[in-house]
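Below is one structure, written out as structure tokens; the observations come after it.
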Amino acid sequence: MSGSSPILELLGQREIVVACGPGGVGKTTTAAAAAAQAALRLGGRVLVLTVDPARRLADALGIKEIGNEVTEVPAEAFVTADGAPVGRLFAAMLDTKKSWDDLIERHTPDPATAARIMANPLYQNITGRFIQSHDYIAMERLYELHSTGEWDLIVVDTPPTRNALDFLDAPSRMADFFSSRLLRWLIAPARSGLFAVASKPFTQVADRILGTEFLGDITEFFVSLQSMYGGFVERANAVARLMADERTTFLVVSSSETVPLREAEFFVSQLVDRNLSVGAVVLNKVLPDSLADPGGLAAARGLGERAGEIAGEVAPVIGVDEEALVRVLGTIAESYGDFAVTARREAGARSRFEAGGAPLVSVPRLDEDIHDMAGLLALGNLLIAEP
Ligand SMILES: Nc1ncnc2c1ncn2[C@@H]1O[C@H](COP(=O)(O)OP(=O)(O)O)[C@@H](O)[C@H]1O
Ligand SMILES: [Mg+2]
């Protein structure tokens, strides 16, 4: 089977598969489903690194909310009709705060400096929202996990960013920031003692709004951070290199609605521009092709137009109220019509979609949300279906 499923092929060949794309399209679910298929069918030690799993999905994977611990999903959880898994599945969730603390500890020369940085009131704030810290730390954590060499495959979920490209740029932006003139300028006054004079009006305003401590905190923060700039820049560059390495590929996930598709297409073109590997494009939650069939729409129209007549004949046969049946038939005809129109539009958008030469895999919308291993396996089977 692995010969002709583009997704299984990727999972078998690469060490890192990054699920990315617009928000709400199924990145987290697809990453988990793909990892489960890899563990089930391909073997080895497979890790799914999730960012924002729904509570019930996290429970199903055995992920604890706090901490960066990796947990193994018990093999019993994904025994299927095809048999027991040949590999092992592990899951972890990204803990942004914990990952930042680890990073600081690693890059500071001594525990006292690390403690001073973490005790700074700005640190909490900054790790929460500064310079796409979430995006950066996701990549950083991936790098860390990959370099342990413990995993044959890591499938990575990506954070819900406003701009799907933010996380891609995060490492280089981080490197730029820590080698920037702005930063040198920020910390220079603290060393030269000129700060108070040069920025008096600003200080007064800042003091009034933010309290006297504020600027002192800022300066102290950047000064204590200074010891780790070099390591930081080097590391951010290494993360960027890993993303571009041939062992890494991107799985662009999208729904087949017009707007996410356009965003996904842009994303693909950006990956191509950056010489990053587009492994496949997954169109998730697509409506069944049969809905786009013109015969179905004609049938729905006919049913709607002659609902009264049909109900008159059928109501006595099934022993229901005729008027109620007219309403039911009318509603069925109307919503089928709506679905048919949407399906046709989606099929049109899909055919215009440029996947940059990557295989395009469609996964239907399932009836229920996916929040347990059974759901993940069902979705995974569709994901690896041969085209
Ligand atoms: N093929 C599908 N059929 C039905 N529901 C799906 C499908 N794919 C994802 N979902 C559901 O859609 C919601 C969003 O999925 P999620 O993976 O969290 O998206 P993202 O990570 O891109 O924001 C979840 O509730 C998930 O269970
Ligand atoms: Mg998600």
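Figures for the structure shown
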{"item": "Packing-based order for 25-37, 42-54, using average beta carbon neighbours within 10 Å, highest first", "result": "25-37, 42-54"}
{"item": "Inter-probe distance in nm under a simple model that places probes 7 Å from Cα toward Cβ, at Ala385 and Glu234", "result": "5.0"}
{"item": "Added length on full extension, which subtracts the Cα-Cα distance from 0.36 nm per residue, Val272 to Val328", "result": "15.2 nm"}
{"item": "222 nm mean residue ellipticity, helices alone, for the chain (DSSP H n ≥ 4; -39,500 (n - 2.57); rounded to 500)", "result": "-18000 deg cm²/dmol"}
{"item": "Cα-projected label distance for Gln124 with Val259, points at 7 Å along beta-carbon direction, nm", "result": "3.5"}
{"item": "Cα lying deepest toward the dipole's positive end in the chain, options Val320, Ser4, Gly149, charges on Cβ", "result": "Gly149"}
{"item": "Cα-based helix-to-principal-axis angle, 373-383 vs the chain, degrees rounded to 10", "result": "80"}
{"item": "Peptide ranges 92-98, 299-305 listed from the most packed, as the mean C-beta count within 10 angstrom indicates", "result": "92-98, 299-305"}
{"item": "Hydrodynamic radius (Kirkwood) for segment 290-348, which is based on Cα pairs only, to one decimal in Å", "result": "11.9"}
{"item": "Ordering of 9-20, 254-265 by burial proxy (mean other Cβ atoms within 10 Å per residue, highest first)", "result": "9-20, 254-265"}
{"item": "Unit charges on C-beta of K, R, D, E only; dipole of segment 290-348, Debye", "result": "280"}
{"item": "Spin-label proximity, Asp176 to segment 269-285 - amide N less than 16 Å from point 7 Å beyond Cα toward beta carbon", "result": "274"}
{"item": "Where N is the number of residues in the chain, Cα Rg divided by 2.2 N^0.38 Å", "result": "1.25"}
{"item": "Test item: Cα-centred dipole of the chain, Lys/Arg +1 and Asp/Glu -1 on Cβ, debye", "result": "1420"}
{"item": "Potential lengthening between Ile318 and Glu15 on full extension [0.36 nm per residue; Cα-Cα distance subtracted]", "result": "103.2 nm"}
{"item": "Theoretical gain in end-to-end length, Asp82 to Arg241 [0.36 nm per residue, Cα-Cα removed]", "result": "53.4 nm"}
{"item": "Two-site label geometry, Gln226 and Asp293: point separation in nm, points 7 Å out along Cα→Cβ", "result": "7.3"}
{"item": "Count, lysine Cα pairs under 22 Å in the chain, 8 or more residues apart or across chains", "result": "4"}
{"item": "Ascending count of other beta-carbon atoms within 10 Å, so fewest first, for Leu168, Leu251", "result": "Leu168, Leu251"}
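Only the coordinates and a few stated rules stand behind these numbers; no lab work does. Values in this document were obtained by computation on a predicted structure and should not be read as measured data. A quick note on method: Cβ atoms are made from the backbone with ideal geometry, for glycine too, and the neighbour counts reach across all protein chains shown.
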